[in-house]
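Colleague: Structure in structure tokens, see below.
The values are calculated or read from the model by the stated rules, or taken from the named source; none is laboratory data. Since the model is a prediction, treat every value here as computed from it, not as a measurement. For neighbour counting, all protein chains shown are included, and Cβ atoms are generated from backbone atoms with ideal geometry for every residue, glycine included.
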Amino acid sequence: MSDLRRIRGQASLVVTLLLTAPLLGGQQAPKPAAQQAAPAQRPPAQQAPAAQAAAAEAANQAKAARLQRALTPGEPHQQLAKLAGNWRTQSRSMLEPGSPPIDGVGTSEVKVVMDGRFVVETHASMSGMGPYKGLGVYGYDNVTQRYQGTWVDTLGTGMLTLEGKADATGQLIEWTVAASDPLLNERKSIRAVTRHESDSRYTFTLIDKVKDEEFIRLRITYTRQ
């Protein structure tokens with residue numbers, strides 16, 4: 001009987017040791033892989049502040065470069081600057097289709113202003129209509145990529161405004177001109193063409209329209225003095 005108690009006691013001790021062995025060793029059983037904690041991730045807004053700052057700086061630099069291109073004179077302005085100097089002019093104008101032409105002679109002085117951004121033309125001539133004076137300002141807008149101009153003279157109180165585009169050669173500019181018509185009592189749109197034949201000669205032609213019929217209202221030939 002005592003042997004049986006001894007055997008039961010030993011068996012109970014073995015079971016106890018088996019159950020408490022992990023605790024006695026000071027280690028826990030490893031968790032399954034699915035239960036292991038995932039690495040911590042930053043919120044999207046905090047993931048890459050350095051990258052966000054670099055992107056913002058690149059955008060600011062692109063804006064600054066675009067602004068600088070818009071402000072800086074380029075090749076079209078250099079072409080306009082070639083007009084600087086004194087010119088002799090010969091003109092022929094018509095009041096309406098089929099009317100007798102009116103011839104005139106005069107001079108123009110062209111100056112470059114605003115650090116190469118614009119040119120100013122001062123014109124004076126004499127024709128069958130009497131003395132005539134005119135003043136024009138011409139430039140090239142880097143933003144719209146169009147030539148622009150204004151013209152005022154002693155034959156009216158309205159301003160002509162011009163917007164034009166050069167052909168592939170850069171020697172011909174086709175203009176859209178807004179002008180006041182005193183007979184129609186309104187602003188209207190007409191055409192004009194500047195043609196550069198050489199560095200010492202060019203023409204300006206103003207093409208008007210009456211009852212859907214186009215005619216040359218004015219042609220001025222410029223010859224460098």
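Colleague: Of the residues 190, 173, 220, only one is out of contact with any Cys (no Cβ under 6 Å at 6 or more places or on another chain) and under 20 Å from residue 129 (Cα atoms); which?
Modeller: 220
Colleague: A further question on this structure: Which ranges mark the strands (runs of 3 or more DSSP E) fully within segment 130-217 that have 2 or more residues being more than 22 Å from the chain's Cα centre (by Cα) and surrounded by fewer than 18 Cβ atoms within 10 Å (Cβ to Cβ)?
Modeller: 130-141, 146-153, 172-181, 186-198, 201-210
Colleague: For segment 193-217, enumerate the residues that are among the acidic types (Asp, Glu), more than 17 Å from residue 162 (Cα to Cα) and either without any contact (Cβ under 8 Å) to a residue 60 or more places away in the chain or in contact with a Cys (Cβ under 9 Å, 6 or more places away or on another chain) (or both).
Modeller: Selection gives 197, 212, 214.
Colleague: I'm told residue 65 meets every condition in (1) of a type outside the set (Lys, Arg); (2) at pLDDT 95 or above; (3) farther than 28 Å from residue 127 by Cα except one. Can you identify the failing condition by its number?
Modeller: (2)
Colleague: So residue 80 clears everything in (1) among the hydrophobic types (A, V, I, L, M, F, W, C); (2) modelled with pLDDT under 90; (3) in a helix (DSSP H, G or I) except one condition, right? Which one?
Modeller: Among (1) among the hydrophobic types (A, V, I, L, M, F, W, C); (2) modelled with pLDDT under 90; (3) in a helix (DSSP H, G or I), residue 80 violates only (2).
Colleague: If you don't mind, another one. I'd like to verify a number: residues in segment 149-167 that are modelled with pLDDT of 95 or more and either over 22 Å from residue 117 (Cβ atoms) or aliphatic (A, V, I, L, M) (or both), how many?
Modeller: Summing the residues that are modelled with pLDDT of 95 or more and either over 22 Å from residue 117 (Cβ atoms) or aliphatic (A, V, I, L, M) (or both) in segment 149-167 gives 10.
Colleague: With touching a helix residue (DSSP H, G or I) at 6+ places or on another chain (Cβ under 6 Å) and at pLDDT 95 or above as the only criterion, which of 110, 137, 143 stands out?
Modeller: Residue meeting the stated conditions: 143.
Colleague: Right, something else. Of everything in segment 60-118 that's surrounded by fewer than 16 Cβ atoms within 10 Å (Cβ to Cβ), touching an Asp or Glu at 6+ places or on another chain (Cβ under 8 Å) and not charged (D, E, K, R), which residue is nearest to residue 183 (Cα to Cα)?
Modeller: It comes out as 97.
Colleague: Residues in segment 102-134 that are within 22 Å of residue 92 (Cα to Cα), out of contact with any Phe, Trp or Tyr (no Cβ under 9 Å at 6 or more places or on another chain) and hydrophobic (A, V, I, L, M, F, W, C): how many?
Modeller: Of the residues in that region, 3 qualify.
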